[in-house]
Amino acid sequence: MGISFDPENRLFFIETANTVMCLAVTDEEGFLGNVYYGKKVPKENLRYLLRTSLNPFVPSVNDRDRGCYLDKAPFEFPSDGAGDYRKPAVILRDARGCDASLFTYASHRIYEGKEELSQTARDGAVIKMPGTFAGSCTAHTLEIKLEDKALRLSAYLSYSVFDDSDAILKNVKLVNDSEETVTIEKIMSSSIDLDCSAFDGKYPDMITLSGSWARERRIDRRTLSRGVSEVSSSRGESSHQFHPFFALCEPGADDSHGKVYAQTIVWSGNFECGAAIDQFDSVRAYIGTGSRHFSWDLRPGTSFQTPEAVLVFADGGFDSMSHVFHDLFRSHLIRSPYLHRERPILINNWEATYFDFDTDKLLAIASDARDRGIEMLVMDDGWFGNRNDDNSSLGDWTVNETKLQGGIERLSDELKKTGMKFGIWFEPEMISPDSDLYRAHPDWAIAVSGRRPCRMRNQYVLDITRKEVRDYVFGCLAAVLDKADISYVKWDMNRPLSDLGSAELPAESMGRLSYLYTLGVYDLQERLLERYPELLLENCSGGGARYDAGMLYYSPQIWCSDDTDAIERLSIQAGTEMIYPLSTMGAHVSTCPNHITGRNVPFDVRAAVAMSGTFGYELDITAIPEEERAAIPEQTSIYRQVSETVREGDYYRIARAAETGYYDSWMSVSRDRSRALFTYIQCRAYPGGGSRIVKLKGLDPEKKYTLTPVGYDTPGSRFCSREKKEMWEKTDPGTVSGSVLMNAGVPVPYMHGDYGQLMLDIREA
Ligand code: DGJ
């Protein structure tokens, strides 16, 4: 494992436990090519894969047809305008207005460790960027310096690996060594040239996650052909619509089998990712911030840093890919002290009251909740300014004392007396046109002068690229957080960016705005966590529009979707879980009929679905039916019993509702394979159906296990009804080996009606 250089053959090997990437440098001109990425192979001389002595030959052999080589070679940092007509990783426009560039090898260094990424923003502020870190294990980094001699630009390509991970982390830093400004029109974090041979000679399938508000991250699968297949966001957030992730896999790959090449990016703004298959069936797979709403005037002596890309190759289907992402994020990205802690079970008042609440109402909810095992009240939108609906007051972060009689201090004190923790909602990046802040500083909104900006949810976006605006926002946050005992902040962002103009950026730098905006978000969240290191931060963006690896650097959990309908959540969570650990998914039980879909789902099914994330409630506990209220103590106690396995365990997907039509199922298995949680959700009646056999995953084939329906031992359990207990007694396989459970399966009893749940607590006997 680690990184090595073979000087004789000019080969770099970037190795993880099960994978290797091999880069090669051509002899004469020093083109850098990616000659192999995939399952681990010995570090032999793979130089022949550069095809320098095969048709179309390197330019040194066939200079009259340089283009043949440049348009075919497996370039690791492909540029534009100089003979490679495929998708470029970088587009540069020089001072003469020309856009040709071509990079070749200059030098490299290999070192132990991994450097933090940062970017100089406006006012010379250096902003730290989110990125993976070594943590308790060792990191190794290869930095290759490429240069375009004509432009006098250097590109530093960095590759890092950790001892305990199969992921490869990549980023690019561009440095202008010349005396003239060069404009970066596009620069990607990673581009690798594979070949259809990586997919056994076939065109790969591509997996992406797409959706909309209340329908985020559903899994899409398509078979690629020649041309470009891409997903992107130009909204200034990673977005509800598409997700900064894609996986290329063998056409037959499924959850348990097949080769998968996946990529994501540690970034929360615009992105572009996908694959381009060219005339020779080579596959260029790329990810980065893309070219929409972006140009960066790279002045002499300055540098530009891309975000970090995460590359994963897995040979055991999607589950094995998910394991690499989940483990990487848990061990090397999420910094929160809450990462391995049991998270407080919270109750959020959004769906309970919307804007219509006061201290008494919140305290009534809190006291009822506390009696039922809930530990924290989160006060959502509407506690400040004149915010009685979503038309005003963003920016006026002063407590509305008509609603919160006695101020936030009283609410906090009263909650403390009852033993409840207190959390609060903010939307720090926004400004309402109807706000004192906007009346005082209209130029603080992102807008193009002379053009009325597009309103969304009747709000504008604050220009947090400006330090004075960030300082103001941070001052408001701190003023509230210092007044009361607040353990948790929900940081929301309810509209995308548009009308990209900043009152203080010169025209030639205006193309930086969207990128700088994302850096502004990072700067604010970093400051927040520095000042309040024990704060539990949950990111949110109108549900899950900014659920990405960048945000995980700051918050260990993210609100997954405004859609709290348990059946809709099956698909949303199945897509989210492909990349993100279950412990990062904010998932709440809400009231029925569901506010978004109007669907009625039994209370225990809603809880079973929410228990695969960070669990909470989002309802007026004082107004729900008594039988639901009475079920909450058992649910909160079950969550405490299972949460460690969900949070720390390995995730396995058994079935997806989107594919079966009738049921959805997944497992979390403890690292030592001694305990597992199996969840099965029926999402549609199965007329005429009997019991179903489902094969388990991830267990130790040699170990013996017992299976108990969750709630089975609780007298009068509402989670495991008498009927369910009786059915289970007839089908309980007793003590059986992991081998039997994984190969022969377990019976899931027939459930009458549309919806049902079976959660099995599986323990080593
Ligand atoms: C969108 C969030 O996703 C909701 O949970 C809620 O906080 C609202 N914003 C409040 O405006």
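The values are calculated or read from the model by the stated rules, or taken from the named source; none is laboratory data. Only a predicted model underlies this, so the values are computations on that prediction, with no experimental measurement involved. Glycine also receives a Cβ, built like all others from the backbone with ideal geometry; neighbour counts cover every protein chain displayed.
Brief remarks on what is shown
- Check on residue 207, of a type outside the set (Lys, Arg) and under 20 Å from the mean Cα position of the chain (by Cα): yes
- Qualifying residue in the stretch 17-27 (condition: of a type in the set (A, V, I, L, M, F, W, C) and over 30 Å from residue 249 (Cα atoms)): no
- Among the residues of the stretch 387-405, those identified as surrounded by fewer than 16 Cβ atoms within 10 Å (Cβ to Cβ), more than 15 Å from the ligand (Cβ to nearest atom) and not charged (D, E, K, R) are 398, 402, 405.
- When the criteria are applied in full, residue 472 fails the requirement of being farther than 19 Å from residue 355 by Cα, in contact with a strand residue (DSSP E or B) (Cβ under 8 Å, 6 or more places away or on another chain) and surrounded by 17 or more Cβ atoms within 10 Å (Cβ to Cβ).
Here is a yes/no grid of residues against (1) in a loop (DSSP other than H, G, I, E, B); (2) more than 22 Å from residue 194 (Cα to Cα):
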position	(1), (2)
42	yes, no
57	yes, no
87	yes, no
108	no, yes
142	no, no
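- Number of the condition not met by residue 474 [criteria: (1) over 30 Å from residue 416 (Cβ atoms); (2) part of a helix (DSSP H, G or I); (3) in contact with a Lys or Arg (Cβ under 6 Å, 6 or more places away or on another chain)]: (1)
- Residue ID - farthest from residue 39 (Cα to Cα), chosen from residues in the stretch 211-231 that are of a type in the set (S, T, N, Q) and assigned to a loop (DSSP other than H, G, I, E, B): 212
- When residues of the stretch 436-461 are limited to those that are within 16 Å of the ligand (Cβ to nearest atom) and outside any loop (DSSP other than H, G, I, E, B), the one nearest to the chain's Cα centre (by Cα): 461
- Scope the stretch 417-435; condition outside any loop (DSSP other than H, G, I, E, B) and within 15 Å of the ligand (Cβ to nearest atom); matching residues: 423, 424, 425, 426, 430, 431
- Given (1) within 16 Å of residue 347 (Cα to Cα); (2) modelled with pLDDT under 95, number of the condition residue 629 does not satisfy: (2)
- Evaluation of residue 201 against (1) in contact (Cβ under 8 Å) with a residue 12 or more places away in the chain; (2) over 28 Å from residue 81 (Cα atoms) (one fails), failing number: (1)
- Candidate set: the stretch 397-416, residues that are of a type in the set (A, V, I, L, M, F, W, C) and part of a loop (DSSP other than H, G, I, E, B); chosen: the one nearest to the chain's Cα centre (by Cα): 397
- Subset tally (residues that are within 14 Å of the ligand (Cβ to nearest atom), within 10 Å of residue 588 (Cα to Cα) and assigned to a helix (DSSP H, G or I)) for the stretch 548-567: 0
- Tally of residues being of a type in the set (D, E, K, R) and touching an Asp or Glu at 6+ places or on another chain (Cβ under 9 Å) across the stretch 410-428: 4
- Residue 580 vs. criteria among the hydroxyl-bearing types (Ser, Thr, Tyr), away from the ligand (no atom under 16 Å from the Cβ) and in a loop (DSSP other than H, G, I, E, B): yes
- Unique residue being without any contact (Cβ under 8 Å) to a residue 40 or more places away in the chain and within 14 Å of the ligand (Cβ to nearest atom) when the list is 587, 545: 587
- Of the numbered criteria (1) at negative phi; (2) modelled with pLDDT under 95, the one residue 51 fails is (1).
- Looking across the stretch 181-209, the residues that are farther than 26 Å from residue 281 by Cα and out of contact with any Ser or Thr (no Cβ under 6 Å at 6 or more places or on another chain) come down to 181, 182, 184.
- Answer from 622, 614, 564 - the residue that is modelled with pLDDT of 95 or more, farther than 15 Å from residue 378 by Cβ and of a type in the set (S, T, N, Q): 622
- Which numbered condition residue 724 misses (of (1) of a type in the set (D, E, K, R); (2) assigned to a loop (DSSP other than H, G, I, E, B); (3) buried (at least 16 other Cβ atoms within 10 Å of the Cβ)): (2)
- Exactly one residue out of 680, 712, 686 is surrounded by 16 or more Cβ atoms within 10 Å (Cβ to Cβ), over 16 Å from residue 735 (Cβ atoms) and modelled with pLDDT of 95 or more: that is 680.
- Set 601, 609: member being within 26 Å of residue 324 (Cα to Cα) and either without any contact (Cβ under 8 Å) to a residue 24 or more places away in the chain or away from the ligand (no atom under 16 Å from the Cβ) (or both): 609
- Tally, over the stretch 541-554, of residues that are under 16 Å from residue 529 (Cβ atoms) and surrounded by 24 or more Cβ atoms within 10 Å (Cβ to Cβ): 4
- Top-ranked residue of the stretch 522-540 - restricted to ones that are within 16 Å of the ligand (Cβ to nearest atom) and touching a helix residue (DSSP H, G or I) at 6+ places or on another chain (Cβ under 9 Å), ranked as nearest to residue 375 (Cα to Cα): 537
- Matching option when the condition is surrounded by 22 or more Cβ atoms within 10 Å (Cβ to Cβ) and among the basic types (Lys, Arg), among 606, 629, 653, 599: 606
- Subset of the stretch 3-18 [outside any strand (DSSP E or B) and either closer than 17 Å to residue 170 by Cβ or under 31 Å from the mean Cα position of the chain (by Cα) (or both)]: 16, 17, 18
- Figure legend. Inter-residue proximity from the stretch 411-435: first residues over 30 Å from residue 445 (Cα atoms), second residues away from the ligand (no atom under 16 Å from the Cβ) and small (Gly, Ala, Ser), beta-carbon distance below 6 Å, spacing 6+ or different chains. Indicated pairs: 412/484; 415/366; 418/367; 420/366; 421/487; 422/412.
Residue by residue, here is whether (1) modelled with pLDDT under 95; (2) within 16 Å of the ligand (Cβ to nearest atom); (3) crowded, with 19+ Cβ neighbours inside 10 Å holds:
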{"residue": "290", "(1), (2), (3)": "yes, no, yes"}
{"residue": "294", "(1), (2), (3)": "no, no, yes"}
{"residue": "298", "(1), (2), (3)": "no, no, yes"}
{"residue": "316", "(1), (2), (3)": "no, no, no"}
{"residue": "331", "(1), (2), (3)": "no, no, no"}
{"residue": "338", "(1), (2), (3)": "no, no, yes"}
{"residue": "345", "(1), (2), (3)": "no, no, yes"}
{"residue": "348", "(1), (2), (3)": "no, yes, yes"}
{"residue": "362", "(1), (2), (3)": "no, yes, yes"}
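- Scanning the stretch 479-499 for residues that are more than 16 Å from the ligand (Cβ to nearest atom) and under 25 Å from the mean Cα position of the chain (by Cα) turns up 487, 497, 498.
- Of the listed requirements (1) under 21 Å from residue 638 (Cβ atoms); (2) within 11 Å of the ligand (Cβ to nearest atom); (3) not aliphatic (A, V, I, L, M), residue 375 misses just one: (2).
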